[in-house]
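The values are calculated or read from the model by the stated rules, or taken from the named source; none is laboratory data. Note that the structure is predicted; figures quoted are calculated from it, not measured. Ideal geometry is used to build each Cβ from the backbone, glycine not excepted, and the neighbour counts take in all protein chains shown.
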């Protein structure tokens with residue numbers, strides 16, 4: 001389901017907002033759990049920096065560059081790039097599965113990763129949790145005679161993930177990003193083992209069950225869940241590889257037998273027999289970033305509105321207790337656009353940030369922007385008024401000037 005506050009994004013194919021209510025704070029911490037698709041070095045540290053061998057692997061990752069959660073976190077102004085064993089907030093381990101216990105390699109599954117996190121930390125409302133797991137549950141050891149029987153039941157894999165989400169929610173976690181699974185039968189390892197059809201069927205069933213389960217968990221636990229439809233994005237890339245500069249979507253760029261890498265690995269979809277290249281991670285993450293509501297910020301004053309951003313450049317916010325004013329800074333925004341404040345007044349605050357007067361309806365609101373230079377923009381045709389040497393423009397014009405995907409308001 002799509003939350004009624006987000007009707008402007010109902011046609012999004014990659015991101016599905018399942019939140020029963022809008023989050024009320026900017027994200028301040030990006031905590032990651034999962035498997036090799038999210039591991040930035042815990043497996044590597046555990047194996048005394050010998051596996052995955054770097055190079056050719058990138059700094060302990062199971063790829064040749066940054067992974068999807070890292071790229072998303074960076075765009076949010078946060079980090080998911082430091083492994084927990086090195087003091088960071090990325091608890092993912094290669095070979096991990098959903099549920100509790102340990103993998104065949106003796107490394108912590110997601111449930112054990114969460115325990116390690118909760119032993120030292122307590123979730124707060126501005127944390128966002130990324131959980132990427134499930135693939136390893138489905139991959140059996142290749143044995144031509146018993147492979148089909150070794151593939152886990154999708155419902156049991158989902159049960160483990162449900163347990164993981166619930167544990168975090170019970171501890172106070174409110175915001176989650178949960179990716180679904182790619183069609184696992186397309187992985188080179190699966191094709192070599194002759195189990196493509198069985199794995200495609202299992203991952204398709206898992207994704208269908210996941211979709212329904214996340215809807216239910218959001219309602220039952222009162223949490224905000226963003227489901228990332230990675231399966232559809234990967235299918236789109238593989239269907240038209242030339243559009244993304246790819247020349248090979250079947251074979252890995254790395255030959256693990258002799259550790260020889262093709263001259264241009266980012267022209268390949270697969271890095272090794274299980275993992276995609278950094279280019280593919282960036283394509284997936286960017287599609288997510290372009291749609292994800294970066295911050296949904298509420299006010300203490302119930303008579304005002306909250307601003308929701310649907311454009312790539314994220315917002316950060318801060319406000320004082322019992323204040324209906326909120327100061328924002330754009331990250332990675334147009335270099336000529338700086339800070340502004342939204343308020344139910346028209347005054348300029350002591351920090352000399354500019355204000356947006358919301359009045360009673362959004363389209364009547366006025367936005368004042370700080371420019372390093374106005375030479376890049378022809379603002380002469382926009383109705384303005386001036387106070388304290390600041391020119392105010394109607395928000396609809398600001399929206400078009402900077403070519404945002406759109407700003408919208410929702411009532412608290």
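Of all the residues in the stretch 40-58, those that are over 17 Å from residue 270 (Cα atoms) and crowded, with 17+ Cβ neighbours inside 10 Å number 6.
Residue by residue, here is whether (1) within 12 Å of residue 276 (Cβ to Cβ); (2) part of a strand (DSSP E or B) holds:
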| site | (1), (2) |
| --- | --- |
| 225 | no, yes |
| 231 | no, no |
| 234 | yes, no |
| 238 | yes, no |
| 243 | no, no |
| 246 | yes, no |
| 249 | yes, yes |
| 257 | no, no |
| 263 | no, no |
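Residues in the stretch 95-151 that are modelled with pLDDT under 95, in a loop (DSSP other than H, G, I, E, B) and within 17 Å of residue 180 (Cβ to Cβ): 139 only.
As a summary of the residue check, residue 260 satisfies the conditions (1) over 26 Å from residue 74 (Cβ atoms); (2) buried (at least 19 other Cβ atoms within 10 Å of the Cβ) except for the one numbered (2). Residues that are without any contact (Cβ under 8 Å) to a residue 24 or more places away in the chain and within 21 Å of the chain's Cα centre (by Cα): does the stretch 242-250 have at least one? No, because not a single residue in the stretch 242-250 is without any contact (Cβ under 8 Å) to a residue 24 or more places away in the chain and within 21 Å of the chain's Cα centre (by Cα). Take the conditions modelled with pLDDT of 50 or more, out of contact with any helix residue (DSSP H, G or I) (no Cβ under 7 Å at 6 or more places or on another chain), surrounded by 16 or more Cβ atoms within 10 Å (Cβ to Cβ) and closer than 30 Å to residue 123 by Cβ and apply them to residue 223. Does it pass? No; evaluated as a whole, the condition is false for this residue.
Within the stretch 72-94, the set of residues being assigned to a helix (DSSP H, G or I), touching a helix residue (DSSP H, G or I) at 6+ places or on another chain (Cβ under 8 Å) and surrounded by fewer than 21 Cβ atoms within 10 Å (Cβ to Cβ) comprises 75, 85, 86.
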